[in-house]
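These notes concern the structure reproduced below.
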Amino acid sequence: MKVLHLISSGGMYGAENVVAALARDLEQMGCWVRVGVFQNAHCPDNNVADQLERRGASVIRIPCRGRVDRGAIQQIREIVRGQQVQLVHSHGYKSNIYSYLACRRLGVPMMATCHLWTRQTPAIRVYEFIDAWLLRRFDAVVAVSDVIAEDARRAGIPAAKITTINNGIDLAPFASATPTLAEEIKKGDRLLIGTAGRLVSQKGMDYFLRAARAVLNEMPEALFAVVGDGPDRGKLERLAQELEIEGQVVFTGSRADMPHVYASFDVFVLASLDEGLPMAVLEALASNRAVVATQVGAVPKVIVSGQTGMLVKPADVPGLAGAILVLLRSPELRARLGRNGSALVHKQFSSRVMSQEYLRLYEQLLSAIGAVQSSESLMGKV
């Protein structure tokens, strides 16, 4: 089976990690897989393609010089025709739009994974409205959580086209990780509370910093780390200064060694206001870390409070700080939650389980398309 994935990104975050793991697993299952990565003219320093290649993916770079670049559309069309691609799988609204424009008349099945509609800005809301309209015309849409599946149905995508497949992660890198970040920042015996993700309002990083202020009032020796980059970085750094905690908070920027980063944390925090099934939580659990997370999206499917982590309401700074303090004061609780969470991820959220479900869906789509084409061929002979 020949599959082309399309992705457009400003960094290696959840969707990109899903694609990397999926591409690798599908290759091991005998598929021919290529990942088409848009090289956006407005973001020339994007190194997603390089990182995907380092993780074993076969990457095709697709130059893109505008919102609707006819050259990029033509290149995708030529890849599909020239490589005899049997199925195109896109991730994110830009990739979905280009996939549709390039492949709608080629007779190739089109499917997309809906990771999350963030609705962050008026411009993004317009693109996501267009995305939902186009996805109604795709052959299949995968939602990474039941919440997102319901969102897709409300957006008018036929329920028969929607399948829920949980995100999964490659577990191997987390088994042998070493705490390199802890060494870099000279953590020593201090407790390190970390968060990771794109620095945008959806991720609730400002609530994380405000909770850090409250924790430091009780435990002034604690350290905090914000891992990732994004448009809100400057604003968040200024907030840390306003809260007078800049000396206890490290902004690391994007990191390519995330298993080693998680191994450096004593507690991982997800303060998001909205999510699908966040890869960061799965990765932290795979690292045997105790997790505090907000009760959004599919997070409660993974974090059962008191069993695999601790749940708090979104935008609840006192609740977030209180949960962090409980974990910091109890090494035994941190260890137990970490063990339980790791066991859950190994059982239900490995990339292998995810990839097998995607492969079954691919086979169903190709079988259905083949049956339709065979029926049309017979009709033509009547």
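See the values below:
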| item | result |
| --- | --- |
| Residue list for segment 99-114, restricted to those being at pLDDT 95 or above and closer than 17 Å to Glu16 by Cβ | Ser99, Ala112, Thr113 |
| Hits in segment 178-201 (condition: part of a loop (DSSP other than H, G, I, E, B) and more than 21 Å from Asp229 (Cβ to Cβ)) | Thr178, Pro179, Lys186, Lys187, Gly188, Asp189, Arg190, Leu191 |
| Complete set of residues in segment 129-148 that are hydrophobic (A, V, I, L, M, F, W, C), in contact (Cβ under 8 Å) with a residue 40 or more places away in the chain and assigned to a helix (DSSP H, G or I) | Val147, Ile148 |
| Tally, over segment 202-229, of residues that are in a helix (DSSP H, G or I) and either modelled with pLDDT under 95 or closer than 20 Å to Leu328 by Cβ (or both) | 14 |
| Number of the condition not met by Leu101 [criteria: (1) within 26 Å of Leu282 (Cβ to Cβ); (2) among the hydrophobic types (A, V, I, L, M, F, W, C); (3) surrounded by 14 or more Cβ atoms within 10 Å (Cβ to Cβ)] | (1) |
| Residue within segment 351-363 that is more than 23 Å from the chain's Cα centre (by Cα), under 30 Å from Ala152 (Cβ atoms) and either outside the structural domain of His260 (by TED's automatic domain parsing) or buried (at least 20 other Cβ atoms within 10 Å of the Cβ) (or both) present | yes |
| Test: residue in segment 232-239 that is surrounded by fewer than 15 Cβ atoms within 10 Å (Cβ to Cβ), assigned by TED's automatic domain parsing to the domain that holds Ser287 and under 17 Å from Arg255 (Cα atoms) | no |
| Subset of segment 78-91 (residues that are surrounded by fewer than 22 Cβ atoms within 10 Å (Cβ to Cβ) and among the small types (Gly, Ala, Ser)) | Gly82 |
| Residue that is part of a loop (DSSP other than H, G, I, E, B), over 23 Å from Asp229 (Cα atoms) and not assigned by TED's automatic domain parsing to the domain that holds Gln202, where the choices are Gln84, Gln75 | Gln84 |
| Filter pass, Asp206 being surrounded by fewer than 23 Cβ atoms within 10 Å (Cβ to Cβ), in contact (Cβ under 8 Å) with a residue 24 or more places away in the chain and within 20 Å of His260 (Cα to Cα) | no |
| Which listed residue, of Leu285, Leu359, Leu344, Leu366, is of a type outside the set (Val, Ile, Thr) and farther than 27 Å from Glu150 by Cβ | Leu366 |
| Hits in segment 185-221 (condition: β-branched (Val, Ile, Thr) and under 19 Å from Ser287 (Cβ atoms)) | Ile185, Ile193, Thr195 |
| Residue within segment 21-33 that is more than 24 Å from Ala368 (Cα to Cα), at pLDDT 85 or above and exposed (fewer than 14 other Cβ atoms within 10 Å of the Cβ) present | yes |
| Residue satisfying all of: in segment 54-72; part of a loop (DSSP other than H, G, I, E, B) and among the basic types (Lys, Arg); surrounded by the fewest Cβ atoms within 10 Å (Cβ to Cβ) among these | Arg67 |
| Counted residues, segment 217-237 - those being small (Gly, Ala, Ser) and within 15 Å of Leu270 (Cα to Cα) | 2 |
| Test: residue in segment 170-179 that is touching a residue at least 24 places away in the same chain (Cβ under 8 Å) and closer than 16 Å to Gly276 by Cα | no |
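The values are calculated or read from the model by the stated rules, or taken from the named source; none is laboratory data. This is a predicted model, so every value here is computed, not measured. Cβ: placed from backbone, ideal geometry, glycine included. Neighbour counts: every protein chain shown.
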